[in-house]
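J.: First the structure, then my questions, so here it is.
The values are calculated or read from the model by the stated rules, or taken from the named source; none is laboratory data. Given the structure is predicted, the values throughout are model-derived calculations rather than measurements. FYI the Cβ positions are ideal-geometry reconstructions off the backbone, even for glycines, and counts take in every protein chain you see. What goes into the accessible areas is simple: the full protein's heavy atoms, side chains included, and nothing from ligands, DNA or RNA. Shrake-Rupley method; radii C 1.70, N 1.55, O 1.52, S 1.80 Å.
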Amino acid sequence: MKKYIVIFFICIVGAALYALFFHQLLFPQKSFNFKRRPSGEAFLYDYANILKDVDEYSNNYLKGIKDRYEIEAVIVSIPSLDNVRTVEDSAVEILNNWKIGKDYNGRGIVLFFAEKEKEIKLEVSYELEDVFTDIFCGFVEDKQLRPYFLGGQLGIGLLAVMEEIENRAQIKHQDKYTVNYISQLDHTLLSGGAGAKRKLLEFKKETVKTAGTFFPAGETPAQGWETLINSWRKKTRDPNLGVYTEITRLAYRDYQNLPDSRYNEDVKTYGKKPYEVIQNENYAVIFFGNKKGWENTPFLFCKTSDGWQFDIVHQRKYIRMGPNPKWGIERTDYPYVDLLSKCPYWMGQDIPLEESDIYKINDDKKTAAHIKQLEKEHKANPNNIDTLIELGRQYTITSLGLKSISLLKKAKQLNPQNPLPYKYLAIRYVDSTYQYDKAIEEMKVYVKLKPYDLFGRNFLGYLYFCRENYKQAIKEFRKAIELKEDNCYAYCKLSRCYALIYLNEPISGIKVSGSRNKQLSIEMYQKVQMSFTPDARRITWLKTWLNRNKLL
């Protein structure tokens with residue numbers, strides 16, 4: 001009898017081990033070994049897949065912090081702590097075992113996040129603690145992550161934390177600070193509501209009081225600007241302010257849970273800041289001077305049937321924040337471009353959009369109503385591919401965050417042969433975060449599905465141009481000209497491509513006055529001047545650039 005019991009027990013154990021083996025084979029658990037840093041040059045280790053849509057941008061941004069400030073910062077996310085460690089211990093383990101900052105005099109930062117527990121820890125090395133204080137770390141966790149977490153965009157909140165890290169990295173790098181100066185900065189944070197590390201799950205959405213009638217559109221641009229500042233002073237979280245355009249109101253739905261510190265900081269920065277109003281009949285720029293510093297970027301207002309309102313669409317699309325303190329305006333075709341001529345020039349977004357994909361102030365109310373209706377339809381039928389594509393398209397052309405990405409990705413899965421999701425994903429990747437490699441992959445599929453599409457060839461050429469792959473860009477622009485000979489955009493870009501190849505040629509040997517690439521650059525410039533539908537601004541910018549580089 002005992003013999004059978006033993007055999008039975010062995011069979012049970014064997015069956016259990018057998019089942020466990022195949023379960024692990026079919027459903028392997030992701031293990032996270034913090035004892036050794038994974039190989040490669042990555043700065044983002046997104047095991048929880050919360051930053052998969054901005055991984056290219058994240059790695060580039062963190063690499064920039066390392067290159068500019070000699071501070072090595074990494075982001076690590078995992079699905080769960082699995083009750084075997086704390087978020088604090090994990091962050092310290094990564095900082096020490098991965099030797100973050102070792103090659104930069106020990107100046108290292110780890111931003112660690114556990115998805116299931118919604119816990120985050122910003123861990124800094126001893127060499128940085130004098131600037132990246134406990135108060136600061138608690139502040140950025142609260143200020144940046146809270147509103148994005150409650151708005152369902154935690155990944156974007158983590159990107160916002162990078163900007164806060166860069167602000168203090170710049171202070172550390174300049175090495176002109178004192179203990180008293182850092183204490184004053186921290187005191188400001190505390191007065192603005194900064195606190196110790198918190199679990200994001202502890203945050204609750206606030207009750208937003210209706211206040212739109214108290215902040216109407218301005219009778220003048222200056223009045224609109226002062227009204228906007230006053231809304232910050234009153235810490236108004238209502239997105240339906242009269243001083244906002246209808247699309248701006250939709251955008252501010254994601255910012256109803258901002259902590260008081262955000263408003264205090266904005267009022268402190270802009271409340272008494274001198275400014276100039278540069279305007280024409282329908283558009284205005286609140287201009288703080290052509291000075292470095294993110295706080296000097298202009299604000300854009302437009303005149304609608306209600307009065308002068310803040311225009312967040314063009315603000316997001318064409319006012320660009322570079323590495324702190326640099327900023328600039330995009331030089332492409334949009335209503336404010338001439339008014340912004342005093343501002344520094346930026347070249348990172350010059351998408352050859354089709355007329356139907358260009359946001360227009362005159363259609364703002366109609367577009368906002370269309371988006372609201374699409375949102376209702378999507379909620380009722382989340383798998384309707386037409387709704388997914390159109391809502392994703394509208395979010396893209398109105399710059400309403402990165403919400404379009406998940407919609408368009410789902411549309412791709414439902415119908416991989418539909419070219420439109422690829423098109424708008426590519427636009428979104430560039431327009432929001434300059435993710436050119438991701439955009440190129442999307443556009444390669446798009447032109448494969450629509451090989452004779454003019455936008456596809458122009459845009460793919462532009463993407464290669466931005467990646468400095470000028471030879472491939474030339475191929476695409478040549479194809480675009482085959483599709484439409486009267487193509488001012490393509491000729492201008494071709495002229496720049498040939499010129500840049502020429503300028504990068506060796507000084508001796510190839511780079512001579514008779515260089516074929518130089519001749520081709522000038523030839524493209526001459527052809528664009530003969531265009532039947534010339535773009536006067538673009539031609540003028542090209543001529544100025546060619547002259548500055550002594551090619552004309």
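J.: Out of (1) farther than 27 Å from L420 by Cα; (2) hydroxyl-bearing (S, T, Y); (3) at pLDDT 95 or above, the odd one out for S341 is which?
T.: (3)
One line per residue, one yes/no per condition, for (1) under 21 Å from the mean Cα position of the chain (by Cα); (2) part of a helix (DSSP H, G or I):
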| position | (1), (2) |
| --- | --- |
| T396 | yes, yes |
| L407 | yes, yes |
| Q417 | no, no |
| Y429 | yes, yes |
| E441 | yes, yes |
| K444 | no, yes |
| G456 | no, yes |
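J.: Let me ask another. Just give me the residues in the stretch 242-299 being part of a strand (DSSP E or B) and of a type in the set (A, V, I, L, M, F, W, C), in sequence order.
T.: Within the stretch 242-299, V277, I278, A284, V285, I286, F287, F299 qualify.
J.: Could you list, in sequence order, all residues of the stretch 116-133 that are more than 27 Å from the chain's Cα centre (by Cα) and either more than 17 Å from D175 (Cβ to Cβ) or part of a helix (DSSP H, G or I) (or both)?
T.: Listed by number, the residues that qualify are Y126, E127.
J.: Please state which one of D350, D363, D338, D357 is charged (D, E, K, R) and either surrounded by 18 or more Cβ atoms within 10 Å (Cβ to Cβ) or in contact with a Cys (Cβ under 6 Å, 6 or more places away or on another chain) (or both).
T.: Going through D350, D363, D338, D357 in turn, just one is charged (D, E, K, R) and either surrounded by 18 or more Cβ atoms within 10 Å (Cβ to Cβ) or in contact with a Cys (Cβ under 6 Å, 6 or more places away or on another chain) (or both): D350.
J.: Any chance the stretch 247-255 includes a residue that's touching a strand residue (DSSP E or B) at 6+ places or on another chain (Cβ under 9 Å) and modelled with pLDDT under 90?
T.: Within the stretch 247-255, none of the residues are touching a strand residue (DSSP E or B) at 6+ places or on another chain (Cβ under 9 Å) and modelled with pLDDT under 90.
J.: For the stretch 370-394, name all the residues that are open to solvent by 60 Å² or more (accessible area, probe 1.4 Å) and in a helix (DSSP H, G or I).
T.: H370, K372, Q373, K376, E377, K379, A380, D386
J.: If you don't mind, there's one more thing I want to ask. Could you tell me which residue of the stretch 225-264 is farthest from L154 (Cα to Cα), considering only residues that are of a type in the set (D, E) and touching a helix residue (DSSP H, G or I) at 6+ places or on another chain (Cβ under 8 Å)?
T.: E246
J.: Here is a follow-up. Could you look through the stretch 235-285, keep only residues that are basic (K, R) and closer than 27 Å to L374 by Cβ, and pick out the one that is surrounded by the most Cβ atoms within 10 Å (Cβ to Cβ)?
T.: Per the criteria, the residue is R249.
J.: Report, ordered by the first and then the second residue, all pairs with beta carbons closer than 6 Å, sequence separation of six or more or different chains, a first member in the stretch 344-362 that is closer than 21 Å to E468 by Cβ, and a second member that is open to solvent by 20 Å² or more (accessible area, probe 1.4 Å) and modelled with pLDDT under 95.
T.: From residues that are closer than 21 Å to E468 by Cβ, the pairs are Y345/R331; G348/Y434.
J.: Being hydrophobic (A, V, I, L, M, F, W, C), surrounded by 14 or more Cβ atoms within 10 Å (Cβ to Cβ), closer than 23 Å to R496 by Cβ and modelled with pLDDT under 95 is the requirement here; does L463 meet it?
T.: no
J.: So, in the stretch 526-538, of the ones that are in a helix (DSSP H, G or I) and either within 21 Å of V337 (Cβ to Cβ) or charged (D, E, K, R) (or both), which residue ends up most open to solvent (accessible area, probe 1.4 Å)?
T.: Filtering the stretch 526-538 for residues that are in a helix (DSSP H, G or I) and either within 21 Å of V337 (Cβ to Cβ) or charged (D, E, K, R) (or both), the one most open to solvent (accessible area, probe 1.4 Å) comes out as Q529.
J.: Does G151 meet the test of being at pLDDT 75 or above and either on the phi > 0 side of the Ramachandran plot or touching a helix residue (DSSP H, G or I) at 6+ places or on another chain (Cβ under 7 Å) (or both)?
T.: Against the criterion (at pLDDT 75 or above and either on the phi > 0 side of the Ramachandran plot or touching a helix residue (DSSP H, G or I) at 6+ places or on another chain (Cβ under 7 Å) (or both)), G151 does not qualify.
J.: When the residues of the stretch 51-64 are filtered to those that are at pLDDT below 90 and of a type in the set (D, E, K, R), which remaining residue is most open to solvent (accessible area, probe 1.4 Å)?
T.: Filtering the stretch 51-64 for residues that are at pLDDT below 90 and of a type in the set (D, E, K, R), the one most open to solvent (accessible area, probe 1.4 Å) comes out as K52.
One line per residue, one yes/no per condition, for (1) within 20 Å of D254 (Cα to Cα); (2) among the aromatic types (F, W, Y); (3) in contact with a strand residue (DSSP E or B) (Cβ under 8 Å, 6 or more places away or on another chain); (4) touching a residue at least 40 places away in the same chain (Cβ under 8 Å):
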{"residue": "P382", "(1), (2), (3), (4)": "no, no, no, no"}
{"residue": "R393", "(1), (2), (3), (4)": "yes, no, no, no"}
{"residue": "T398", "(1), (2), (3), (4)": "yes, no, no, yes"}
{"residue": "Q413", "(1), (2), (3), (4)": "no, no, no, no"}
{"residue": "L420", "(1), (2), (3), (4)": "no, no, no, no"}
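J.: For the list (1) modelled with pLDDT of 65 or more; (2) open to solvent by 50 Å² or more (accessible area, probe 1.4 Å); (3) within 23 Å of Y47 (Cβ to Cβ), I need the number of the one condition that V179 fails.
T.: (3)
J.: Something else now. Within the bounds of the stretch 65-78, is there any residue that is in a loop (DSSP other than H, G, I, E, B) and buried (at least 16 other Cβ atoms within 10 Å of the Cβ)?
T.: Taking every residue of the stretch 65-78 in turn, at least one turns out to be in a loop (DSSP other than H, G, I, E, B) and buried (at least 16 other Cβ atoms within 10 Å of the Cβ).
J.: Going by the structure shown, is K235 more than 23 Å from L400 (Cα to Cα) and assigned to a loop (DSSP other than H, G, I, E, B)?
T.: No: the conditions fail for K235.
J.: Which condition number in (1) in a helix (DSSP H, G or I); (2) buried (at least 16 other Cβ atoms within 10 Å of the Cβ) is the one that E88 fails?
T.: Every condition holds for E88 apart from (2).
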